[in-house]
């Protein structure tokens, strides 16, 4: 018995195959225990991904899903074209299938990569040096520029690559540095806001 | 990175060179090292005097929001000008998809002091004040040139250079309210003010907590002695250390609602903390305030005159304006003739 392959099973589990191919895969899965287990695993993984509580609330699921489907369909079209070009030499277009699989994998990995795997990774925003900066963070204006400091960490916000000539600190919570471009003579003022 | 300009923006983006910009993961955050040169074109029929860009990696925590302003411009219709961005910003590692940095136009100032932009950072006021200072200082150097010739101008520029070299500086840390910054609670002091008779606003009285290294929670009483309502006042602070040296190391910007002849009290709970750039201890002995700029309710602004800045205390402590700095740099790089050409041009 010829199994449909991971790519087709994955697409079928998400309802992303054209009707005629979906019917073929469905027919096979109905009578194949191994492929059914494979499909169940895809469906569980898909469900877990959707239920991940720490995903940003503002995430546009619909548009991401649409974009992913569009990419998969693009891959299928590309595969079809590649299959057409190799007709006669390779009957089923396996090279195209591999290309589509790699493309799909890249899209899925790229899609999932920015998301954290646990709440502990996502939680806390700011770090300087190697230490988390929480309430003790402050900005300091020095003759060399503006530095962000806290918990032993320092980040040169302004002045690392420019020669600062004047710095200023406002008690409303911003610090500024003024520098002159040595080539053009143009004055630039950078402000960093703490509020 | 993403640059946003409004549809009716007076400037158009010509080119963006991201150069050596890169990002680096440190602990749970991402450090964005931005070295960018943007090129804009003035697409209006007016001359542009200043531009401010908002550079945003994230809005919530410190270190994620900055601005880059270019004052003292003179960009005619159709002309191009560069804006350099050299900043390091912080951003949480995981904030979803999208650009790492957003750059937005916050404002453009024209030569008639007209303004365009969302003004999220109150850049209109800053750019107006820089422009008024620039006009004051160009007028000052031009009058020296006209009355005393190139030799007198050169002497004035050299004096300015020497003053800048001698101006003492301190490291100043801004701490937000509610955060313990010093175990020494300091003492309550009554503040002294340098009264500039020409200033439309007078600081009547003030108090703050002062220790050897920290100036905290100033409270001021301000009086409007002009005939125009005032909506913003900035007080500059000149600190005197143990050796008697005076340095301007911070300011108190205050939004006010001061009718003509009216008074108002303003307070700020934050603290300025000082350290010596060389790492040595600082012993702050006293502090003097002065009105460094004022914005009227109609959008006009006031800055001290050159005569006022010649007062010994201000002359020693106050930094030169952006325009004076530009002219001095021009002298250093291209000589006196380049400065004269600039003064005669605008």
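The values are calculated or read from the model by the stated rules, or taken from the named source; none is laboratory data. None of the values given here were measured: they were computed from a predicted structure. Here the Cβ positions follow ideal geometry from the backbone for every residue, glycine too, while neighbour counts run over all protein chains shown.
Of the residues making up region B:37-53, those that are within 11 Å of another protein chain (Cβ to nearest Cβ) and under 20 Å from residue B:324 (Cα atoms) number 3. Inside region B:140-161, residues that are surrounded by fewer than 18 Cβ atoms within 10 Å (Cβ to Cβ) and over 20 Å from residue B:304 (Cα atoms) make up a count of 10. Taking the numbered list (1) modelled with pLDDT of 90 or more; (2) more than 8 Å from chain A (Cβ to nearest Cβ); (3) in a strand (DSSP E or B) in turn, residue B:30 passes all entries but (1). Against the conditions (1) away from chain A (no Cβ under 14 Å); (2) outside any loop (DSSP other than H, G, I, E, B); (3) modelled with pLDDT under 90, residue B:174 satisfies every one except (1).
Filtering region B:161-171 to residues that are within 12 Å of chain A (Cβ to nearest Cβ) and in a helix (DSSP H, G or I) leaves B:161, B:164, B:165.
Okay, residues lined up against (1) at the interface with chain A (Cβ under 9 Å from one of its Cβ atoms); (2) within 21 Å of residue B:15 (Cβ to Cβ); (3) in contact with a strand residue (DSSP E or B) (Cβ under 7 Å, 6 or more places away or on another chain):
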position: B:55; (1), (2), (3): yes, yes, yes
position: B:64; (1), (2), (3): yes, no, yes
position: B:70; (1), (2), (3): yes, yes, yes
position: B:80; (1), (2), (3): no, yes, yes
position: B:85; (1), (2), (3): yes, yes, yes
position: B:91; (1), (2), (3): yes, no, yes
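Only residues that are part of a helix (DSSP H, G or I) and surrounded by 12 or more Cβ atoms within 10 Å (Cβ to Cβ) were counted in region A:6-22, giving 10. Checking A:165, A:108 one by one, the residue that is closer than 27 Å to residue B:325 by Cβ, modelled with pLDDT under 75 and in contact with a helix residue (DSSP H, G or I) (Cβ under 9 Å, 6 or more places away or on another chain) is A:165 and no other. Does residue B:126 satisfy the condition of being within 20 Å of the chain's Cα centre (by Cα), under 21 Å from residue B:332 (Cβ atoms), within 14 Å of another protein chain (Cβ to nearest Cβ) and not in a strand (DSSP E or B)? When the stated conditions are applied, residue B:126 does not pass them. Filter region B:297-323 down to the residues that are closer than 15 Å to residue B:167 by Cα and either touching a helix residue (DSSP H, G or I) at 6+ places or on another chain (Cβ under 9 Å) or at pLDDT 95 or above (or both) and list them by number. Listed by number, the residues that qualify are B:309, B:314, B:315, B:316, B:318, B:319, B:320, B:321. Looking only at region B:43-53, residues that are in a loop (DSSP other than H, G, I, E, B) and in contact with a strand residue (DSSP E or B) (Cβ under 8 Å, 6 or more places away or on another chain) come to 4 in all.
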